[in-house]
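Below: the structure, in structure tokens.
Rule-based calculations on the coordinates, nothing more; no lab input. It should be emphasised that the depicted structure is a prediction, and the values quoted were computed from it without experimental measurement. Positions of Cβ are generated from backbone atoms using ideal geometry, with glycine treated the same way; all protein chains shown enter the neighbour counts.
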Amino acid sequence: MGTVMSERKEDTLILAIESSCDETAASVVKNGREVLSNVISSQIALHTLYGGVVPEIASRKHIEKINQVIEEALKEANVTLDDIDAIGVTYGPGLVGALLVGVAEAKAIAFAAKKPLVGVHHIEGHISANYIENKELEPPYICLVVSGGHTHLVVVNDYGDYEVIGRTRDDAAGEAFDKVARAIDLGYPGGPKVDKLAKEGNPDAIKFPRANVEGAPFDFSFSGLKSAVLNHINMCQMKNIEINRADIAASFQKSVVDALLSRALLACEEYGVKKLAIAGGVASNSAIRSAFKEACEKKKIEFYHPSPIYCTDNAAMIGVAAYYEYLNGTRHGWDLNAVPNLKLGERI
């Protein structure tokens, strides 16, 4: 990396845009590790009325907010478009309408300002969030990505070089949190609410299953766990047993934590890697963070995680990923499109 940097001007500034779901975000990132601005306009209050993200509403809100969010990011970073080296944008995976707003905006700015356009994979962004506060972190390492739509176990061989070794066969971890939260009347968004209530419960009160996928030791499955929670609630109702929501939340959460941790540690062992990172919205869960920290200390594995603000969707992580893609020579043309089902490692 050093030789590449020495041939370039001293600093590389990326203006990044993220609009894959219900956050409209923009950020200016310097040299891939320093965040000069990170502006996020969240739609959570709006979607809470419907119990989940409504794609059409999300797209309309992005259109309303995107220009002011970008202007604010540039202002906060105290730079103009002239100072920017490239425009980074999430082009998948995500909600197609929401992605299109960000991609169209990025293309317009890149065309008007005559700047290179760099499309970024959303999951790559989540993984790259770890570089913001852990300046010393460099590949190779194992990264567990846990969010509302994704549960991936990834070997990060190098910047931009990812090998997905495990993924969920059904529900993502965040999806399971949302469904269980709904079942015990906690509402949306489920993750933070289950995390909070679980602190009041006994994680060993109810024995929920930990699914193993035959022949795929790194894969996850959470639909059986979700069904077990619903069955437990139904059984309690049928037998007139009081439903202890805190115990359900704590026991469910422990089952998820065990499933995630066991596979991540197995991956470190199998691949001979002593560095483990977590990323994605669910990575801000306090039980997950403390369990991983404790296990890694015991096994002498270095553990990395972003602050909660960089776990949920944001543009700073997209700016970091775009920086390394930019250095690797990634450039996209005006035909760049939203790819809602984009696979990690896939290049469009």
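Each label was represented as a point 7 Å from its Cα along the Cα-to-Cβ direction; for E302 and S286 these points are 2.9 nm apart.
Computed on the chain, with alpha-carbon pairs under 8 angstrom and 6+ residues apart, the relative contact order is 24 percent.
Of the residues I233, V282, G215, the one whose Cα sits farthest towards the positive end of the charge dipole of the chain is I233 (charges of +1 on Lys and Arg Cβ, -1 on Asp and Glu Cβ, taken about the Cα centre). Are there any GluC sites (Glu not before Pro) in region 103-147 that are in a DSSP loop and have at most 12 other Cβ atoms within 10 Å? List them by number. Taking region 103-147 and a limit of 12 other Cβ atoms within 10 Å, the loop GluC sites (Glu not before Pro) found are E136. If a spin label sat at a point 7 angstrom from the Cα of E10 along the line to its beta carbon, no backbone N atom of region 127-150 would be nearer than 11 Å.
Loop sites only, by DSSP: take the chymotrypsin sites (Phe, Trp or Tyr not before Pro) in the chain that have at most 11 other C-beta atoms within 10 Å and name the longest stretch containing none of them. Longest run free of exposed loop sites: 51-333. Under a 5 Å amide H cut-off, with hydrogens placed 1.01 Å from N, T151 pairs with T168, A173 among residues at least 5 apart or on other chains. One decimal place: the segment A216-E242 gains 5.5 nm when fully extended, by the rule 0.36 nm per residue minus the C-alpha distance.
Based only on other Cβ atoms within 10 Å, what is the fewest-to-most ordering of S223, S290? Before the final figure, lay out the partial values.
Working: S223 15, S290 11.
Final ranking by Cβ density, sparse to dense: S290, S223.
For region 211-229, the residues whose backbone nitrogen is under 13 Å from a point 7 Å from the Cα of R182, taken along Cα to Cβ, are 227.
Given a Förster radius of 25 Å and the C-beta distance between R169 and E269 as r, what FRET efficiency does 1/(1 + (r/R0)^6) yield to the nearest 0.05?
Values: r = 22 Å, r/R0 = 0.88.
Using R0 = 25 Å, I get an efficiency of 0.70.
Of the trypsin sites (Lys or Arg not before Pro) in region 94-136, which ones lie in a loop per DSSP and count no more than 14 other C-beta atoms within 10 Å? Display every interim value, and only then the final one.
Values: sites: K107, K114, K135; in loops: K114, K135.
Passing both the DSSP loop test and the Cβ count: K114, K135.
If you put +1 on each Lys and Arg Cβ and -1 on each Asp and Glu Cβ, how big is the dipole of the chain around its Cα centre, in Debye rounded to 20?
Here the chain has a charge dipole of around 660 debye.
Residues V155, V256 in ascending order of nearby Cβ atoms (within 10 Å, fewest first): V155, V256.
Orientation-averaged projection of region 137-306 equals 9.7 nm² [convex hull of Cα atoms, one quarter of hull surface area].
So how do D171, D83 line up by other beta-carbon neighbours within 10 Å, fewest first? It would help to have the intermediate numbers written out before the result.
Details: D171 20, D83 13.
With the fewest neighbours first, D171, D83 line up as D83, D171.
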